[in-house]
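The structure appears below as structure tokens.
The values are calculated or read from the model by the stated rules, or taken from the named source; none is laboratory data. Just so it is clear, the structure is predicted and the values come from calculations on it, not from any experiment. All Cβ positions, glycine included, derive from the backbone under ideal geometry; neighbour counts span all protein chains shown. For the accessible areas, the whole protein counts, side chains as well, though only heavy atoms, and no ligand, DNA or RNA atoms are used. Shrake-Rupley method; radii C 1.70, N 1.55, O 1.52, S 1.80 Å.
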Amino acid sequence: MADTGLIAAACVVVMSVGLVAAFAPSYRSPPAPSPAVDTAASAAAATPAPETPVSPARQAELEHMVIQDCGSCHGLTMKGGLGKPITPGDLAGFDPEGLAAIILDGVPGTAMPPWRPLISEPEALWIAEYLMKEKTE
């Protein structure tokens with residue numbers, strides 16, 4: 001008899017089909033601010049918060065995580081599987097910060113889990129940028 005834990009895990013994987021593609025339009029780059037925006041507020045918003053850089057060792061761990069964990073739904077080559085493709089071509093035009101938000105907080109009501117308990121905001125942004133960058137291997 002099949003183990004119910006394995007069946008439940010398989011169901012979670014199956015339910016993740018198309019999460020990023022289905023919800024990504026709301027995470028595209030926002031429109032440019034209107035000229036009426038307070039210049040002090042816009043200058044403060046334009047100054048990025050200092051971020052902790054992701055070390056080369058952690059980058060290697062994150063790359064492995066992307067291949068294994070993201071690849072379990074999106075395909076080991078990210079060209080799609082149970083989930084939609086998340087290759088650089090498929091993510092072209094998307095905002096890295098918006099993709100990082102999906103990675104960190106998941107997509108409520110879907111099988112896309114939040115990764116915030118396991119990775120930091122700079123790490124999620126690194127993953128988003130990694131997914132958007134063409135690989136030369």
Report task. Inspect all residues belonging to region 33-40 and state whether any of them is modelled with pLDDT under 50, touching a strand residue (DSSP E or B) at 6+ places or on another chain (Cβ under 9 Å) and on the phi < 0 side of the Ramachandran plot. Result -> no
Query raised in the report: Could you count how many residues in region 64-73 are out of contact with any Leu (no Cβ under 9 Å at 6 or more places or on another chain) and either over 23 Å from Pro122 (Cβ atoms) or open to solvent by 60 Å² or more (accessible area, probe 1.4 Å) (or both)?
Result: 2
Report summary line: Taking region 107-129 and keeping residues surrounded by fewer than 18 Cβ atoms within 10 Å (Cβ to Cβ) and not aliphatic (A, V, I, L, M) leaves Pro108, Gly109, Thr110, Pro113, Pro114, Arg116, Pro117, Ser120, Glu121, Pro122, Glu129
Query raised in the report: acidic (Asp, Glu), open to solvent by 80 Å² or more (accessible area, probe 1.4 Å) and not in a helix (DSSP H, G or I): does that describe Glu134?
Result: yes
Query raised in the report: Scanning region 74-102 for residues that are among the small types (Gly, Ala, Ser) and surrounded by 21 or more Cβ atoms within 10 Å (Cβ to Cβ), which turns out nearest to Ala128 (Cα to Cα)?
Result: Ala100
Query raised in the report: Residues of region 100-131 being assigned to a loop (DSSP other than H, G, I, E, B), over 19 Å from Ser55 (Cβ atoms) and aliphatic (A, V, I, L, M), which ones?
Result: Val107, Ala111, Met112
